[in-house]
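Just below is one structure, and these are the notes that go with it.
The values are calculated or read from the model by the stated rules, or taken from the named source; none is laboratory data. Since the structure is predicted, the reported quantities are computational estimates derived from the model, not experimental observations. Reconstructed Cβ throughout: ideal geometry from the backbone, glycine too, with neighbour counts over all protein chains shown. Just so you know, the surface numbers come from the protein's heavy atoms only, side chains and all, with ligands and any DNA or RNA stripped out. Shrake-Rupley method; radii C 1.70, N 1.55, O 1.52, S 1.80 Å.
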Amino acid sequence: MEGEAAVAGAEGPFCLQQVTITEDSEDDYQYEEVPADDDFSLVEGDEDLVKALQTIQEQSEDAQIIAQRSVLTSKHSVSEIPEVVDDFLCNFLVRMGMVRTLDCFQTEWYELMQKGAIERKDIGFVPDMYTYNQHLEMENRRLKKELENYKLAASKAKEALQKIQKGRDFHRMNHKRVVQEKNRLISDIKRLKAHYASYEPMLKQLTEKYQTILRQKMLTSLERDRAVGQVTGLQATLQNLESGRASEIPVTRAGHRCEREDGRQGPTQKAVQENREQKYLYAGVAPYDPAKDPTKQKGKKYPKDSEFPIDTQVNPYLARAKECTRPLKSGVYRLSSTLKVHDLAVSCLALHPRKDIVVTASDDRLWKMWAFPNGNIIMTGEGHTDWLSGCCFHPSGTKLVTSSGDTTVRIWDFTKGECIVTFEGHSRAVWDCSWHSCGDFVASASMDNTSKIWDINSERCRYTMRGHKDSVNSIEFLPFSNTILTSSADKTLSLWDARTGLCAQTFYGHLHSCNHATFNMKGDTIVSCDSYGVMKFWDVRRVTPMVSIDAGPHPGNQVVFDPSGAERDNSQVMISLSWAKGCHASAHLLAPIMPVSCLKRRMSALSDVLTLHL
C-alpha cells in the first residue's frame, strides 16, 4: 500500500473503488419477447397445457422487469448518481493534498472490509444535498462579493450625485444673481433713459439761451463801437471848440486781439457803419477813416505790440560755427545711456541754448526738464489737456514754448515755474512751434491748415498765415530774420514774411506729405523730408531743388543740418531722423567724439533710426 501511495503521489490524484464481479450477471442476458398470439411448437411428448400457460406467464413477467429497468435508467442521469462514501473521502483527501491521511484511511478501510466489520449496506452514499449545499455556498459567496461591489458603486454614485447637486445649486444661485443684476441694470438703463429724456428739453433751452446770448454779445459789441465813436466825436468836437479849428479825430476799433481788419464787412457792419456816419453828421463830427488812423500808419494796433527787428541782422553763430571744423565721421557715435523719462511716447525734445539741459515732451501731457548725461529731473510742466507735439527754448533759455493737441500754445517761465501765457486761436491740434531770435514772437503750425504769429508782450495773435491746403506740420524762423519756413501735408514748402503775414514763395517738388523742413546756418539752403523718407535740398534764391535723397521706405520726421554749415565734397552734411516701427517712451543720448557745444541742435525723440547722409 505504501508503494501504491508513492506512485499515486508521483503520478497525481486517483481513487480506489471496490467492484464485485459475479459469474452470472443478469445484465448481459438478452430476453426475447414472445408475442401472445405466437404459435409455440411443442415437443412431442410434452404437450401439456399447464406448462404452456406457465411459460407464457414467465415471459410476460420478464418483459415487465425489462421495461421497469429501462425507465429507471432513463430517470437517473450520471450527474445525479450519488457518490460512494469511500470514493468521496479519497477524492477529498487527494484534492486537499493529505497523502498520509489518505494512506492511513485506505489501509484501515480495506482491513475493515476484509474482516467484514463494514458491510455494504451500512456504507451508503454521499447524499446529493451535500453537493447542492456546496454549490449554494459558492453561489452565496459570489453573490456577497457582487453585493459588496454594488454597494461600493452605489456609494460612489451617491457622492457623484451629491457633487452634481451642489454644482446645480451653485449654478442655480449664480443664475438667480445674474438675473437679479440683469433686472437691476435694465431698471437703471430705463431710469437713465428717462433721466436723459428729461434733460433734452433743458439742453434745447440752454442752446436757445446760448444763441440769444451770442446775439446779445454781438449787439453789445456793436453798441460799444458806436459808443466809442460817439465819445471820440465828442472829444473832437470839444477840441474843435477849444482850439477853434476843425480836425478829424480817428476812432480806434475795439475787438478781439487776434482779428485783423481786412476791409471785409457784412450787411450788419455796413448798416452800423451807415448809422454811425449819420450820427457823426448830426453831431458835426467827421466819420472814422481807417486810412487816417495814426495807429495804422505806424503799423500798430495796441500799445503793447512788439516791433519786429530789422531784417538786415548778421547771424553771430556763423563765426562760431567755423570753429567746429572737425568733420563728422560714420561709426564714431555710441549709445551713452537710456533714460526712462516718460510713461508714454516721447514726441519731441529741445536742447538748451547755453546749458547741458534737455526738455522732452510726451503723449502723457507732460514736459520734463532734465540734465544730461546724469538724467536728473529739474522741472516738470503740467497744464496741457492733450498730447504735446512741439517744444522750443527761448533764445535766452529762460522760457519755453510748447504746442499740444489741445489746440493751445503755452509759454512757460522757468523763474516762476508756471505757465504765464496761453494762446488760444487754432481750431485743431497744433503740430509745431518756434521762437523768433528776438524772443518777442512765437510761431505755431496747426492741423487747421493755418499758421499763426503770436506777440508775447501784447499776448495776442498778430497774423494768421493762410495758404496751405492741408495740415501745416512744421514751422521755423530763419535765425536773426523775419522769414518763416513752413512745411505742409499738401506736399509744399512756403516762405512767409513775419512782418506782414504774407506768403513770399512756395516750393513744389515733393510727391508726399512734407513732415519737416529747416534752414542751414547761412540761410541759403533748405532741406525737407516727407512721409516716404525722401529728402530734398532747395536753393532759396533759385527756388529749385538741388539734390533729392531717398532714405525710405520709412517716413522721415525731422532733418537737421550740421551746426558748422560747411560744405564738404560739394554736399551739405545733414542728419536725418526717422522712425521704423513706432514711438518709444525713452530718450536716447548719442555721445559723439566731439565737443558737446557742437551738438546744440534740435533732435526728435520719436525716432529709433539715426542715419547720417554725407
**Item:** R460 being over 22 Å from F561 (Cβ atoms) and out of contact with any strand residue (DSSP E or B) (no Cβ under 6 Å at 6 or more places or on another chain)
**Value:** yes
**Complete:** T385: passes all of (1) more than 20 Å from C438 (Cα to Cα); (2) modelled with pLDDT under 85; (3) open to solvent by 60 Å² or more (accessible area, probe 1.4 Å) but (2)
**Prompt:** Under the condition of being closer than 22 Å to P395 by Cβ and among the charged types (D, E, K, R), which residue from the range 426-449 is nearest to the chain's Cα centre (by Cα)?
**Reply:** D432
**Request:** Tell me, please, whether a residue that is at pLDDT 90 or above and of a type in the set (V, I, T) can be found in the range 161-171.
**Result:** yes
**Message:** If the requirement is being open to solvent by 100 Å² or more (accessible area, probe 1.4 Å), in contact (Cβ under 8 Å) with a residue 12 or more places away in the chain and in a helix (DSSP H, G or I), which of these qualifies: R100, R95?
**Reply:** R95
**Prompt:** Among the residues of the range 445-462 satisfying the criterion of being open to solvent by 10 Å² or more (accessible area, probe 1.4 Å) and polar (S, T, N, Q), which is nearest to R410 (Cα to Cα)?
**Reply:** N457
**Selection within the range 526-565 - of a type in the set (S, T, Y) and assigned to a loop (DSSP other than H, G, I, E, B)** = S531, Y532, S564
**Asked** Does I378 qualify as being among the hydrophobic types (A, V, I, L, M, F, W, C) and open to solvent by 60 Å² or more (accessible area, probe 1.4 Å)?
**Response** yes
**Prompt:** In the range 371-402, how many are of a type in the set (G, A, S) and over 19 Å from P353 (Cβ atoms)?
**Reply:** 3
**Asked** Quick one: T500 ticks every box in (1) in a loop (DSSP other than H, G, I, E, B); (2) open to solvent by less than 10 Å² (accessible area, probe 1.4 Å); (3) hydroxyl-bearing (S, T, Y) bar one, so which box is it?
**Response** (2)
**Asked** Restricting the search to the range 509-519, which residues are outside any strand (DSSP E or B) and either within 39 Å of the chain's Cα centre (by Cα) or modelled with pLDDT under 90 (or both)?
**Response** H510, L511, H512, S513
**Where I453 falls short, out of the listed (1) modelled with pLDDT of 95 or more; (2) touching a His at 6+ places or on another chain (Cβ under 7 Å)** = (2)
**Asked** Of the conditions (1) open to solvent by less than 10 Å² (accessible area, probe 1.4 Å); (2) touching a Cys at 6+ places or on another chain (Cβ under 9 Å); (3) not basic (K, R), D413 fails just one. Which one is it?
**Response** (1)
